Amino acid sequence: MPIIISQQLPAVKQLLSENIHTVDPNEFDANRQPSLRVGLLNLMPLKQMTEVDFIRLLSNTPLNIRFDLIDTATHKSKNTPQHHIDAFYRHFDEIKHLNYDGFIITGAPVEKIDFEDVDYWPELTQIFDWTRTNVNATLYICWGALAGLYHHYGIPKRVFTPKISGVFRHTALHPSNPIFRGFDDEFFVPHSRFSEVTRTDVDKVPELTVMSESEESGIYMVMGRGGREFFVTGHSEYAPGTLDFEYHRDLDKGMNPQIPANYYRDDDPAKGPVVRWRSHANQLFSNWLNHFVNSQLRHESEL
């Protein structure tokens, strides 16, 4: 089924080359078909790359997804053209009267900064609070997950060096939960971050459940409010070349980054990446949409 989004969005050309069907909102509305409304609060610097990553995964179900792109009003992106944001993004004031079936909050490259010192933190916390009244299920990604856990539950982040970068083996701690339906006993997830939350701190909060972790990269997924909130520290949505792009970007900046672990064939950047996480990523987003975003199915699973 299609992703319902403006056909002028540059991502549409890339998606079409991957046989991913999109449809303009006006054309879709003329047919009066049911759909789920999903919003993406895109805090990543290269917003156009992130758009493709998430639309690709959301398209992998038989559900019609009406997809809204949202940006903060209190921060101006330095890496995405303003005309692109003006054309395709909405600010919180423009959507706060709406109800969403699903909402995704991405990571952001501000991990080493205290939460309260992030320039858009007051606006972001308003959005966090709004999700609890206007959104059926919210998915927090990477820094967004750490920020959500801090705001909603008071869990601090721990900043470290060097950066966790690579593709790591994970296990499900509650494999019967619908979020893990169809998962293998072990699965791989890319990580790219300078901070984490600890199991000790999360276990102090009875409303939270650690759903998945890795011996190498720590906590991966935390569930809150019976599945209406998932906090995911990794980047399941990453395209095959994203860690390679980040590695060479940091090399060019003279940052002397470590080679991403378990990513390149024989750990040799010249040989290119080995993709181990794509099936997991597709299954994760399909399960989230079908069993948590779709309120009717979620209600039936709770009976």
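The values are calculated or read from the model by the stated rules, or taken from the named source; none is laboratory data. Keep in mind that what you see is a predicted model, and the values were worked out from it rather than measured. Don't worry about glycine lacking a Cβ; one is built from the backbone with ideal geometry, like all the others, and counts go over all protein chains shown.
Which one of these does GLU116 not meet: (1) surrounded by 15 or more Cβ atoms within 10 Å (Cβ to Cβ); (2) at pLDDT 95 or above?
Failed condition: (1).
Can you pull out the residues in region 232-257 that are more than 18 Å from CYS142 (Cβ to Cβ) and polar (S, T, N, Q)?
Answer for region 232-257, where residues must be more than 18 Å from CYS142 (Cβ to Cβ) and polar (S, T, N, Q): just ASN256.
Could you pull out the residue among TYR220, TYR264, TYR247 that is of a type in the set (Phe, Trp, Tyr), in contact with a His (Cβ under 8 Å, 6 or more places away or on another chain) and under 20 Å from PHE168 (Cβ atoms)?
Going through TYR220, TYR264, TYR247 in turn, just one is of a type in the set (Phe, Trp, Tyr), in contact with a His (Cβ under 8 Å, 6 or more places away or on another chain) and under 20 Å from PHE168 (Cβ atoms): TYR220.
Output yes when any residue across region 197-213 is under 19 Å from GLU246 (Cβ atoms) and either among the β-branched types (Val, Ile, Thr) or buried (at least 21 other Cβ atoms within 10 Å of the Cβ) (or both), and no when none is.
Within region 197-213 (the criterion being under 19 Å from GLU246 (Cβ atoms) and either among the β-branched types (Val, Ile, Thr) or buried (at least 21 other Cβ atoms within 10 Å of the Cβ) (or both)), the answer is no, since none of the residues qualifies.
Looking at GLY254 and the list (1) touching a helix residue (DSSP H, G or I) at 6+ places or on another chain (Cβ under 6 Å); (2) small (Gly, Ala, Ser); (3) modelled with pLDDT under 95, which single condition is not satisfied?
Here GLY254 meets the rest and fails (1).
Please tell me if GLU186 is surrounded by fewer than 15 Cβ atoms within 10 Å (Cβ to Cβ), touching a Phe, Trp or Tyr at 6+ places or on another chain (Cβ under 8 Å) and more than 26 Å from GLY39 (Cβ to Cβ).
no
Examine region 10-27 for a residue that is in contact (Cβ under 8 Å) with a residue 40 or more places away in the chain, in a helix (DSSP H, G or I) and farther than 29 Å from GLU246 by Cβ, and state whether such a residue exists.
Yes, there is a match, as at least one residue in region 10-27 is in contact (Cβ under 8 Å) with a residue 40 or more places away in the chain, in a helix (DSSP H, G or I) and farther than 29 Å from GLU246 by Cβ.
Within region 160-209, count every residue that is more than 28 Å from VAL274 (Cα to Cα), aliphatic (A, V, I, L, M) and part of a strand (DSSP E or B).
Counting residues in region 160-209 that are more than 28 Å from VAL274 (Cα to Cα), aliphatic (A, V, I, L, M) and part of a strand (DSSP E or B) gives 1.
Which residues, counting only those in region 222-255, are within 22 Å of ALA147 (Cα to Cα) and either loosely packed, with under 15 Cβ neighbours inside 10 Å or touching a Gly at 6+ places or on another chain (Cβ under 8 Å) (or both)?
Selection gives ARG225, GLY226, GLU229, PHE230, PHE231, THR233, HIS235.
If LEU251 satisfies all but one of (1) under 28 Å from ARG37 (Cβ atoms); (2) not in a loop (DSSP other than H, G, I, E, B), what's the number of the condition it fails?
(1)
Restricting attention to region 65-79, does a residue exist that is aromatic (Phe, Trp, Tyr) and within 29 Å of HIS280 (Cα to Cα)?
yes
Which number in (1) within 29 Å of THR138 (Cβ to Cβ); (2) part of a helix (DSSP H, G or I); (3) at pLDDT 95 or above; (4) charged (D, E, K, R) marks the one condition that ASP266 misses?
That leaves (1) as the condition not met.
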